[in-house]
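Only one structure is covered here, and it is reproduced in the block below.
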Amino acid sequence: ADDEYHIISYLSTLLQQIDCYEINILATTSGLEALKIISTSHIDIAFLDIDLSEKDVTGIDVAKRIRSLRKDTIIMFVTNYIEFAPEGYEVSAFRYLLKSELDNKLRSYLQLAISQLQSIREKMKNEKILIEFNKILNYLDNSHIK
């Protein structure tokens, strides 16, 4: 999501030129539309501008919504405003990519992001979920399920 269409177009072109991954791109120039997309789509890596055209929805707001829905989505801010970097810690942003450095750093950042995503997914696959047997029995006793 970026309020500048030419940045979305350029970023999409760069991503499509990276041959080693199958990439499906969902792009928007609207923070409100970005909120809709993330609520209805599975997003692995989100590239967000911080300063979106709507004054009431920023890239940080979109990132917070992503984080509330999915802990494993990689969030990368593509921006000219590095001074907002501290706010990115609140949403566990993976990287800040300055728009002026797209050509030089996108490929390596994407490779790092994919490695991070694979690592997170591997940990989640091996994660055990503990449920107390007493809680299950209490639930069954207190419900109409017999």
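Modelled label positions at TYR5 and ILE114, each set 7 Å beyond Cα in the direction of Cβ, lie 3.0 nm from each other.
Checking the Cα-Cα distances for LYS36/LYS71; LYS64/LYS105; LYS55/LYS105; LYS55/LYS123; LYS105/LYS125 against a 27 Å cut-off, the pairs over it are LYS55/LYS105; LYS55/LYS123; LYS105/LYS125. For the range 69-123, the gyration tensor built on C-alpha atoms gives an oblate shape. Its axis ratio a/c (a ≥ b ≥ c) is at least 1.5, and a/b is not larger than b/c. Per-atom-type breakdown for the range 1-86 gives carbon and sulfur 52% of the accessible area (1.4 Å probe, protein chains only). Note on the range 33-126: dipole from Cβ charges, positive end direction compared against ASN80, LEU102, ILE114; the farthest Cα belongs to ILE114. Could you tell me which of rounded, prolate or oblate describes the range 1-135, using a ≥ b ≥ c as the square roots of the eigenvalues of the alpha-carbon gyration tensor, with rounded for a/c under 1.5 and, failing that, prolate when a/b is larger than b/c and oblate otherwise? Verdict is prolate for the range 1-135. Can you tell me how the range 6-56 classifies by the Cα gyration tensor, rounded, prolate or oblate, using a/c under 1.5 as the rounded cut? Taking the square roots of the gyration eigenvalues as a ≥ b ≥ c, the range 6-56 is oblate.
Overall, the range 2-135 carries a charge dipole of about 680 debye about its Cα centre when +1 sits on the Cβ of Lys and Arg and -1 on the Cβ of Asp and Glu, all other atoms neutral. Ranking MET76, MET124 by solvent-accessible area of protein heavy atoms (1.4 Å probe, all protein chains present), from largest to smallest, gives MET124, MET76.
The values are calculated or read from the model by the stated rules, or taken from the named source; none is laboratory data. Bear in mind the structure is a predicted one, so any value in this text is a computation, not a measurement. Neighbour counts are summed over all protein chains in view; Cβ atoms, including those assigned to glycine, are modelled from backbone coordinates with ideal geometry. Please note that ligands, DNA and RNA were not included when accessible areas were found on the heavy atoms of the full protein model with its side chains. Shrake-Rupley method; radii C 1.70, N 1.55, O 1.52, S 1.80 Å.
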